[in-house]
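Engineer: Please read through the structure below; I'll follow up with questions.
The values are calculated or read from the model by the stated rules, or taken from the named source; none is laboratory data. Because the structure is a prediction, the values reported are computed rather than measured. Cβ: placed from backbone, ideal geometry, glycine included. Neighbour counts: every protein chain shown. Surface accessibility is based on the protein's heavy atoms, side chains included, excluding ligands, DNA and RNA. Shrake-Rupley method; radii C 1.70, N 1.55, O 1.52, S 1.80 Å.
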Protein chains: 2
Amino acid sequence: MTCVQEETREVSVPSVDGLAAEQITDEDDGGADGSQRRRQIIDAAREVFARDGFASARIREISAVGGVTDAMIYRKFRSKEELFGAVLDEPLGEFTRAIQGLAAHGLGTSPQERYRLSVEAHEKLLAVFRDIAPLLGVALFYDSDAGRIFYRDHMLPVITAVAESLRAVMTARQLQVIDPMLLTTALVGIYLAFSTAAYDKRIAESDHAESEIITRAVAFGLFETLLS
Amino acid sequence: MTCVQEETREVSVPSVDGLAAEQITDEDDGGADGSQRRRQIIDAAREVFARDGFASARIREISAVGGVTDAMIYRKFRSKEELFGAVLDEPLGEFTRAIQGLAAHGLGTSPQERYRLSVEAHEKLLAVFRDIAPLLGVALFYDSDAGRIFYRDHMLPVITAVAESLRAVMTARQLQVIDPMLLTTALVGIYLAFSTAAYDKRIAESDHAESEIITRAVAFGLFETLLS
């Protein structure tokens with residue numbers, strides 16, 4: 001996970017010829033199409049990364065679990081880092097859509113209904129985060145240069161997309177308490193912290209109870225007594 | 001950073017003989033006392049870990065920067081993991097005292113004064129967190145077993161201490177919005193997220209501006225529009 005390696009990735013975008021070659025290879029290779037193979041590889045990689053961690057995960061193990069060849073993995077992903085990013089993009093996309101859904105429902109319903117929808121949405125979001133928190137932590141902090149690149153390439157698009165949908169709701173309601181980018185960043189931090197807190201078994205692992213807490217915190221503040 | 005290695009540390013506490021031997025060694029070794037040498041080693045380790053990351057940091061480099069011998073480091077710290085934990089304990093202690101100070105000031109002053117004190121305290125806390133966030137991230141996520149142990153041994157005491165001081169304030173004011181342990185956990189998550197967001201230069205790095213945001217979020221909620 002070096003800076004140089006990842007930076008290179010930005011420069012050497014696949015040429016049209018390269019893409020065509022890949023498609024032909026996929027068609028030649030047993031009939032499964034490119035996206036199906038990609039799916040198999042990502043599912044296997046998620047399993048192996050979650051079990052072995054980033055550093056110890058072996059491409060050979062991922063190919064064995066996924067029922068593909070090492071060469072196939074390297075045709076789809078330039079490096080272990082790129083595969084790792086791809087594994088996280090899917091749950092991060094899920095996270096984005098769930099928050100966007102929450103923001104959409106935030107418009108035009110009653111306060112009671114908004115509360116219920118919020119708890120439901122946070123419950124889903126927490127469940128997503130519990131799965132990815134350890135891998136996300138590794139991606140952000142394993143190496144500081146790689147972490148910066150991961151943040152820019154994988155986290156920032158998520159935060160920006162969520163922030164834009166929240167901005168729309170906030171603008172519609174003519175109330176903008178804090179910058180939506182920072183709001184979203186804070187929310188991601190809370191999810192990460194709550195997921196990490198499950199390291200300690202004394203903290204309840206009930207997604208429903210915690211999602212109620214997040215809803216209350218988001219709506220009423222973390223510490224209502226501070227200014228009152 | 002293996003689970004077994006760290007677990008062993010709990011069992012093999014230094015014997016009285018071991019401690020006596022260490023003191024004699026320190027006196028023989030140039031006149032600096034044990035805590036001074038410990039200080040030199042921790043300062044050097046902080047510098048090297050911050051620059052090289054956990055995996056790449058070399059004890060040889062830490063001893064060179066600190067002006068001590070490798071053997072001296074191994075007399076004070078059983079492993080690189082233990083030294084890493086010691087580096088983080090100091091800023092985490094600073095964080096604990098700053099929040100406890102905030103909680104203490106939260107009693108008996110006017111809302112305006114509480115707001116000002118809160119912004120001041122969060123500003124200090126953010127500054128502390130910006131320094132340690134990358135190392136903290138590594139400690140929590142580099143390896144999932146080691147992360148659990150680090151959480152239990154280094155983070156949980158911080159969160160518990162802070163939560164107890166907040167609990168006292170909340171009880172005195174007869175208002176407990178959310179469990180103080182979860183409140184503190186959420187705050188730590190926000191700090192971690194804001195510190196990590198500085199990976200992206202587009203987010204302002206003004207501790208004052210962000211500490212105002214945290215104060216508002218803590219007091220009024222992250223998203224005031226949600227339930228209103």
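Engineer: Taking residue B:73 as the residue in question, decide whether it is facing chain A (nearest Cβ under 9 Å), open to solvent by less than 20 Å² (accessible area, probe 1.4 Å) and touching a Ser or Thr at 6+ places or on another chain (Cβ under 7 Å).
Structural biologist: So residue B:73 does not fit the description; no.
Engineer: Can you tell me which residue in region B:179-202 is modelled with the lowest pLDDT, limited to those that are within 17 Å of residue B:133 (Cα to Cα) and aliphatic (A, V, I, L, M)?
Structural biologist: Looking at the filtered set, the residue picked out is B:198.
Engineer: Taking residue B:48 and the conditions (1) open to solvent by 10 Å² or more (accessible area, probe 1.4 Å); (2) free of Cβ contacts under 8 Å to residues at least 24 places away in the same chain; (3) within 14 Å of another protein chain (Cβ to nearest Cβ), which numbered condition does it fall short on, given that it satisfies the others?
Structural biologist: Evaluating residue B:48 over (1) open to solvent by 10 Å² or more (accessible area, probe 1.4 Å); (2) free of Cβ contacts under 8 Å to residues at least 24 places away in the same chain; (3) within 14 Å of another protein chain (Cβ to nearest Cβ) leaves (1) as the failure.
Engineer: Can you pull out the residues in region B:126-153 that are in contact with an Asp or Glu (Cβ under 9 Å, 6 or more places away or on another chain), over 24 Å from residue A:54 (Cα atoms) and of a type in the set (A, V, I, L, M, F, W, C)?
Structural biologist: B:126, B:127, B:128
Engineer: Kindly indicate whether residue A:60 is among the basic types (Lys, Arg) and not in a helix (DSSP H, G or I).
Structural biologist: no
Engineer: Got a number for residues in region A:152-178 being within 7 Å of chain B (Cβ to nearest Cβ), at pLDDT below 80 and either part of a loop (DSSP other than H, G, I, E, B) or surrounded by fewer than 18 Cβ atoms within 10 Å (Cβ to Cβ) (or both)?
Structural biologist: 4
Engineer: Only one of (1) at negative phi; (2) at pLDDT below 80; (3) open to solvent by less than 60 Å² (accessible area, probe 1.4 Å) fails for residue B:83. Which number is that?
Structural biologist: (2)
Engineer: Pull up region B:136-151, narrow it to residues that are of a type outside the set (Gly, Ala, Ser) and crowded, with 22+ Cβ neighbours inside 10 Å, then point me to the one that is farthest from residue B:197 (Cα to Cα).
Structural biologist: Selected residue: B:149.
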